[in-house]
2 protein chains.
Amino acid sequence: MNAEILCIGDELLIGQVVNTNASWLAEQCSSIGIRIRRITVVGDSLEDAGDALTQAWCHNHILITTGGLGPTHDDVTREIVTSFFSTPLREDPVVLSDIERFLADRGRVLSPANRDQAMVPVSAHVIRNSQGTAPGYHFNHEGKHCFVLPGVPYEMKSMAELYMLPLLRTLQPAPYTSRTLLTTGIPESTLADILSGVEMLLPATSVAYLPGTHGVRIRLTSRAANDDARSEEMAALERFILERAGEYVYGSDDDDLARIVGDLLAAKQLTLAVAESCTGGLVSDRITNIPGSSCFFERGMIVYSNRSKTELLGVDAGLIQQHGAVSREVAEAMAAGCRERSGASIGLATTGIAGPTGGSAGKPVGTVWIALDSGSHQVSHCFHFGSHRMNTKQRTAQAALDLLRRHLLDLPAIPSFCTEAS
Amino acid sequence: MNAEILCIGDELLIGQVVNTNASWLAEQCSSIGIRIRRITVVGDSLEDAGDALTQAWCHNHILITTGGLGPTHDDVTREIVTSFFSTPLREDPVVLSDIERFLADRGRVLSPANRDQAMVPVSAHVIRNSQGTAPGYHFNHEGKHCFVLPGVPYEMKSMAELYMLPLLRTLQPAPYTSRTLLTTGIPESTLADILSGVEMLLPATSVAYLPGTHGVRIRLTSRAANDDARSEEMAALERFILERAGEYVYGSDDDDLARIVGDLLAAKQLTLAVAESCTGGLVSDRITNIPGSSCFFERGMIVYSNRSKTELLGVDAGLIQQHGAVSREVAEAMAAGCRERSGASIGLATTGIAGPTGGSAGKPVGTVWIALDSGSHQVSHCFHFGSHRMNTKQRTAQAALDLLRRHLLDLPAIPSFCTEAS
């Protein structure tokens, strides 16, 4: 069953926006066995978008469009689909009340432009939008399906997850099984060396490495003939990987390391306080992205100035003077002070030179110290993350969360490949 | 002069890779006046990629392909273009020596697959690749241009920058000028109402609204015949918008609100301390993304627990008891305590219910209070950001930075459309 994704929006054609909608939809569809044969991007033009829609409908069983459903004059998608499917519009009372409620919740009143968004194609099933004012449409004509979704990513994803993907799953048995193992703290080439031979293990499987600032993802795919065979193959691959590189694997698929450590803290009824210098709030931000994090996250202190390190954490000013703010001694004092002053079970601290300036010969830009203190247990580790400020913040936050994961799971604080290599 | 970008690669159709090549090429081409009419993505299939190439060549003056030039069996692009342009292959000695040198520098020897990459289409001009082994091709047929580039982003960019873009600049004077104004604090439909008529102001201009969690971007485009006319038209559009909605416009193009307020703080030699509850570190994270932020950012305190609000900010426990942690009174006490205790010039505080739980009838999920205290000046404002946790964090952080921007620019703290509407 073939599909095309048609993205509509001038912002995509001038490169103002990277098309993450297409890759997300492609990944979702692929994972349930729908083959995307083409992704097309056109502008907010009746002619270009209309032509692309006609072609895509002609060559595929499933067509998914994104974008062009907003309340303003440059939004052309509704006009294109109503014309293509030859259907008039009607005002939908459920959509109208959805829009009114959405606006009322935000203290806003219904404008004529918003009211017009409740006008939907008569021959379409409406896909309700809980995150915005634009409804989506589902046309089921000639045994084919056309899903019309908005371009705002979180609106599109919510509507795809609640309506479109469950429906597509009923159409299509999955012809392959895929799973991604998430690793952190080990470079791609070292990981590939440790796992060498995994790609030859079974004939119907494949293994791909995808590096990023949060670590290397390992994508496993089995195309064996049936569900049971695929499950067996995937389990064999996972066993192979976990035996050789288990300490680096923190989760799978959409897991987030912050959520993993949050679950561990909650299960052990421990609380956490964080002291951040170079990460500037990113560690706390990631932890507080987790619903329910207030149960285990006591507080965070972003101690950018030396004064704040002393006032908020009790770090001795002389220690900073002697060793510098980016040092094992200060990192450890930050973690200890943060734990003691907050009353939390564990203190976690980051201090480093994010750049682009502030480096020296002994401590180049990208030097980072991370420390953890649980009262009975102290550990600290130095990293070198290079000269890109945002990458260094992201890598440091991930490494800090991983130090916490290793502590909570009684794994070695320092990755084994570091100690084995030296 | 119209162009199409054709990206070839299975990894794009299964969503494993986000298509940043297309957005980068689109941005580069747009900036030199080449209009991208379509972006097409197809898999590593002779049939699908061949069909897409034929269509794209037929409808455009310029065609740019990426991907499918590697040394392995799944790379089909060379076969497709040699067949389409009916040209045999020849071994190119310069390309061969480029490949040999590239491999030698990395301690590798020439494999048969690499040697085959030196076989290039006779009728194409070769585009040399200093970053990898795959050469690109440039076909100039029937007054049209086809550029064939590899899919690895840094190889593609290097070849585009050194060869393709300079050549395209000679073909094409820029036929349009585009600029994006960034607004925040006003919904798309209200903004469109206030600016109604802007799209009719001048015949050769267009205006598009692009909403997101950071606000609504307004993209202005002029296609007037010459540079002077375009500059005049853009200036007229901007004047129209700034007269009616100037207070909501915080910047343009790639500006970030955190950088805008950082520059204002630095220029006024003011320092900032932040107390975050519902944003959980996101405000501080955004501010510390700015290189040099240590000059004006004193500290941040993420006061997730009531205890930490009292201990770190001196918020009276009785006040929290009486009004709740999400209230005007507590937000104001947080901002004041944060300023006083840190010694910073300005204290900025957020407290709200990010959800998904914790709401009540009087204070539904998404209720947020933001407060600012400069010693001589206190202001606070309530927002309703809906039930999506991550969106609420992002919208709150943006609104807090905007409250600070409004304070630093002596603008009204409460957006005018709110006070006018009520």
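The values are calculated or read from the model by the stated rules, or taken from the named source; none is laboratory data. Note that the coordinates shown come from a computational prediction; the quantities given were computed from them, not determined experimentally. Here the Cβ positions follow ideal geometry from the backbone for every residue, glycine too, while neighbour counts run over all protein chains shown. Please note that ligands, DNA and RNA were not included when accessible areas were found on the heavy atoms of the full protein model with its side chains. Shrake-Rupley method; radii C 1.70, N 1.55, O 1.52, S 1.80 Å.
For this structure, a couple of remarks:
- Threshold 30 Å², the range B:218-266 residues less accessible with all protein chains present than alone (1.4 Å probe): B:R219
- Antiparallel bridges, percent of DSSP beta bridges restricted to chain B (to nearest 5): 60 percent
- For the protein assembly as shown, the antiparallel share of DSSP beta bridges with both residues in that region comes to about 60%.
- Going from the isolated chain to the complete set of protein chains, the range A:1-26 loses at least 40 Å² of heavy-atom accessible area (1.4 Å probe) at A:L13, A:I14, A:G15, A:Q16, A:V18, A:S23.
- Surface share of carbon and sulfur [accessible, 1.4 angstrom probe, percent] for the range B:1-40: 45 percent
- Annotation note: trypsin sites (Lys or Arg not before Pro) in the range A:10-111 located in DSSP loop regions with a Cβ neighbour count of at most 15 within 10 Å are A:R106.
- Centroid-to-centroid separation of the range A:86-162 and the range B:360-400 [C-alpha atoms, Å]: 27 Å
- Summed buried accessible area for B+A [probe radius 1.4 Å, Å², rounded to 100]: 6200 Å²
- Cα pair count fraction exceeding 24 Å, expressed as % - the range A:265-397: 24 percent
- Between this copy and the others, label points of A:E340 are 2.7 nm apart in ascending order, each placed 7 angstrom from Cα in the Cβ direction.
- Taking amide H atoms as placed 1.01 Å from N in the peptide plane, the amide H of B:G212 lies under 5 Å from those of B:R217, each 5 or more residues away in sequence or on another chain.
- Simple spin-label estimate for A:A104 and B:I32 gives 5.6 nm between the two label positions (7 Å along the Cα-to-Cβ direction from each Cα).
- Inter-chain Cβ neighbour average for residues B:201-209, partner chain, 10 Å: 3
- Whole-angstrom gap from the range B:218-272 to the range A:248-267, using each part's C-alpha centre: 42 Å
- Protein-only accessible surface at a 1.4 angstrom probe places the residues A:H377, B:H141, B:H59 in the order B:H59, A:H377, B:H141, largest first.
- Rounded if a/c under 1.5, otherwise prolate or oblate - the range B:154-221, Cα gyration tensor axes: oblate
- The mean number of Cβ atoms from other chains found within 10 Å of a Cβ in peptide A:30-43 is 5, as a whole number.
- Take every pair of alpha-carbon atoms less than 8 Å apart whose residues are at least six positions apart; their mean separation over the length of chain B yields a relative contact order of 10 percent.
- Backbone amide hydrogens, once placed in the peptide plane, bring A:T65 within less than 5 Å of A:L6, A:F147, A:V148, A:L149, excluding anything fewer than 5 places away on its chain.
- Unsatisfied cross-links (Cα-Cα over 28 Å) in the set B:K268/B:K363; A:K309/A:K363; A:K157/B:K157; A:K268/B:K309; A:K157/B:K309; A:K157/B:K393: B:K268/B:K363; A:K157/B:K157; A:K157/B:K309
- Label-point spacing for B:S360 across the identical copies (point 7 Å from Cα in the Cβ direction), in nm and ascending order: 5.4.
- Whole-number accessible area per residue in Å² for the protein assembly as shown, which is evaluated in the context of all protein chains at 1.4 Å: 40 Å²
- Across identical copies of the chain, A:G212 has label-point separations of 1.8 nm, listed in ascending order, with the point defined 7 angstrom from Cα along Cα→Cβ.
- At least 50 Å² of accessible area lost relative to the chain alone, listed for the range A:282-329 with a 1.4 Å probe: A:D285, A:T288, A:N289, A:E298, A:R299, A:I302, A:Y304, A:R307, A:L312
- Phi-based couplings in Hz for the range B:368-381 (Karplus 6.51, -1.76, 1.60; Gly and Pro marked x): 9, 10, 10, 9, 10, 9, 10, x, 7, 9, 10, 8, 8, 8
- Local net charge near A:S374, Cβ-Cβ under 13 Å (Lys/Arg +1, Asp/Glu -1): -1
- The range A:315-345 and the range B:1-78 have Cα centres lying 53 Å from one another.
- Whole-Hz ³J(HN,Hα) from phi, Karplus 6.51 cos²θ - 1.76 cosθ + 1.60, for the range A:328-333, glycine and proline x: 4, 4, 6, 4, 5, 5
- The H on the amide N of A:G359, modeled in the peptide plane, is under 5 Å from the matching H of A:V365, each at least 5 residues off or on a different chain.
- 3J(HN,Hα) from dihedral phi, the range A:155-165, Karplus parametrisation 6.51/-1.76/1.60, rounded to Hz, x for glycine, proline: 5, 4, 5, 4, 6, 5, 5, 7, 10, 5, 5
- Residue-averaged 222 nm ellipticity for chain B, from DSSP H runs of 4+ at -39500 (n - 2.57), nearest 500: -12000 deg cm²/dmol
- Whole-percent carbon and sulfur share, accessible surface of the range B:85-210, 1.4 Å: 56 percent
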